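**Q** Before I ask anything, here is the structure I am working with.
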């Protein structure tokens, strides 16, 4: 009887640990423990559950992550003493991770990305407005600086090349409200300001993060102060043309730098191009939520649902098969996975604790 129970238990464990075609991986930096954590999201029978697979130690406190286009190498960045470090981690077929090496950067980072050719690592710093590009070597390590400049405004929040790799937009939030436009040379890594340089978002919209439509020349920006999404058509010359300003919910009080209030954080688009998700953060803990917008054939948005989530949803992302949304609920130091229902609403599937506040992660 005992042997039968042991065999049954072993079988159940093996079945649970077996990989399925619907599983996906999460890679998140834990600054407090100076490590990159590898999780698997086990999807079976429509239900999702986190499985902790492993971690790799880093010689600095990581905060940001950026995958290459093949999602085989991940560049993890963060503060190292008074400077900035960038580590390259190789990701295997089953999500296993191995540290390839670490480099010190001459300028502060913040939001980071890898261009579509996998030849350049791009950074922008929130506090200073400094932006830089670095050449990525054949070994995957971040190498020489290829470009450096500053945008006119501080509180610069994002740097991510368009899908055709020709343009980069840098949004600035709060009273620094701006949306700076650059062309990107993927041979040299150089960024050149477009004319006009600023797309001039409406006053106090506070564009924060960007997501690109998978098949249309359209950019979507989460608006930190406006509490919604700005939809722009990308012209052939890279200029952003207003297409729509979609509101998640009207702001109850005017924005004031001296007062804490509800603000939007991250934005994510489903790989199938059907949904845009935007997270709202509430310092009072009353309106932490994720809004879902359906995407029309012309790229315009329609608000479909609102789902309450844990405190301070900082980062969000959609699974590769567009079936689940992962949310970093930084105020509660946890990560949650939600099933995306047919109407865009979210159903909580599982939660896992994190070491400290996670403000960035990547999926594969």
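**Q** When you scan region 156-166, do you find a residue that is touching a strand residue (DSSP E or B) at 6+ places or on another chain (Cβ under 6 Å), without any contact (Cβ under 8 Å) to a residue 40 or more places away in the chain and in a loop (DSSP other than H, G, I, E, B), even just one?
**A** No, region 156-166 contains no residue that is touching a strand residue (DSSP E or B) at 6+ places or on another chain (Cβ under 6 Å), without any contact (Cβ under 8 Å) to a residue 40 or more places away in the chain and in a loop (DSSP other than H, G, I, E, B).
**Q** Free of Cβ contacts under 8 Å to residues at least 60 places away in the same chain, within 17 Å of the chain's Cα centre (by Cα) and more than 21 Å from residue 315 (Cα to Cα): is that true of residue 103 in this structure?
**A** no
**Q** Something else about it: Hey, residue 72 hits all of (1) at pLDDT 95 or above; (2) surrounded by fewer than 14 Cβ atoms within 10 Å (Cβ to Cβ) but one; which does it fall short on?
**A** For residue 72, the exception is condition (2).
**Q** May I ask you to list the residues in region 318-335 that are surrounded by fewer than 21 Cβ atoms within 10 Å (Cβ to Cβ), in contact with a strand residue (DSSP E or B) (Cβ under 6 Å, 6 or more places away or on another chain) and not in a loop (DSSP other than H, G, I, E, B)?
**A** 334
**Q** Right, here's the next one. Considering 310, 344, 356, 273, which residue is part of a loop (DSSP other than H, G, I, E, B), touching a residue at least 60 places away in the same chain (Cβ under 8 Å), more than 15 Å from the chain's Cα centre (by Cα) and surrounded by 18 or more Cβ atoms within 10 Å (Cβ to Cβ)? Explain how you work it out, then say what you get.
**A** Values: 310 fails: touching a residue at least 60 places away in the same chain (Cβ under 8 Å); 356 fails: surrounded by 18 or more Cβ atoms within 10 Å (Cβ to Cβ); 273 fails: surrounded by 18 or more Cβ atoms within 10 Å (Cβ to Cβ).
That would be 344, the only listed residue that is part of a loop (DSSP other than H, G, I, E, B), touching a residue at least 60 places away in the same chain (Cβ under 8 Å), more than 15 Å from the chain's Cα centre (by Cα) and surrounded by 18 or more Cβ atoms within 10 Å (Cβ to Cβ).
**Q** From the list 62, 29, exactly one residue is without any contact (Cβ under 8 Å) to a residue 40 or more places away in the chain and under 21 Å from the mean Cα position of the chain (by Cα). Which is it?
**A** Result of the check over 62, 29: 62.
**Q** If you go through region 200-215 one residue at a time, do you hit one that is surrounded by fewer than 16 Cβ atoms within 10 Å (Cβ to Cβ), free of Cβ contacts under 8 Å to residues at least 12 places away in the same chain, more than 21 Å from residue 268 (Cα to Cα) and more than 20 Å from the chain's Cα centre (by Cα)?
**A** no
**Q** Among (1) in a strand (DSSP E or B); (2) surrounded by fewer than 20 Cβ atoms within 10 Å (Cβ to Cβ), which single condition is residue 188 missing?
**A** Condition not satisfied by residue 188: (1).
**Q** While we're looking at this one, here's another question. Take the residues in region 280-297 that are touching a residue at least 40 places away in the same chain (Cβ under 8 Å) and assigned to a loop (DSSP other than H, G, I, E, B); name whichever of them is surrounded by the fewest Cβ atoms within 10 Å (Cβ to Cβ).
**A** Only one residue fits best here, namely 285.
**Q** Among the listed residues 69, 63, identify the single one that is in contact with a strand residue (DSSP E or B) (Cβ under 9 Å, 6 or more places away or on another chain) and not in a strand (DSSP E or B). Steps first, answer last, please.
**A** Details: 63 fails: not in a strand (DSSP E or B).
Every option except 69 fails the conditions.
**Q** Something else now. What's the number of the condition residue 256 fails, among (1) in contact with a strand residue (DSSP E or B) (Cβ under 6 Å, 6 or more places away or on another chain); (2) under 20 Å from residue 157 (Cα atoms); (3) exposed (fewer than 15 other Cβ atoms within 10 Å of the Cβ)?
**A** (1)
**Q** How many of the residues making up region 226-247 are buried (at least 23 other Cβ atoms within 10 Å of the Cβ) and either within 23 Å of residue 286 (Cα to Cα) or in contact with a helix residue (DSSP H, G or I) (Cβ under 6 Å, 6 or more places away or on another chain) (or both)?
**A** Selection size over region 226-247: 4.
**Q** Check 67, 25, 60 and return the single one that is closer than 19 Å to residue 323 by Cβ, surrounded by 11 or more Cβ atoms within 10 Å (Cβ to Cβ) and modelled with pLDDT of 95 or more.
**A** Result: 25 is the single residue among 67, 25, 60 that is closer than 19 Å to residue 323 by Cβ, surrounded by 11 or more Cβ atoms within 10 Å (Cβ to Cβ) and modelled with pLDDT of 95 or more.
**Q** Got a sec? Which of 327, 278 is within 16 Å of the chain's Cα centre (by Cα), at pLDDT 95 or above and within 17 Å of residue 41 (Cα to Cα)?
**A** 327
The values are calculated or read from the model by the stated rules, or taken from the named source; none is laboratory data. Every value quoted in this text rests on a predicted model; they were computed, and no experiment measured them. Neighbour counts are summed over all protein chains in view; Cβ atoms, including those assigned to glycine, are modelled from backbone coordinates with ideal geometry.
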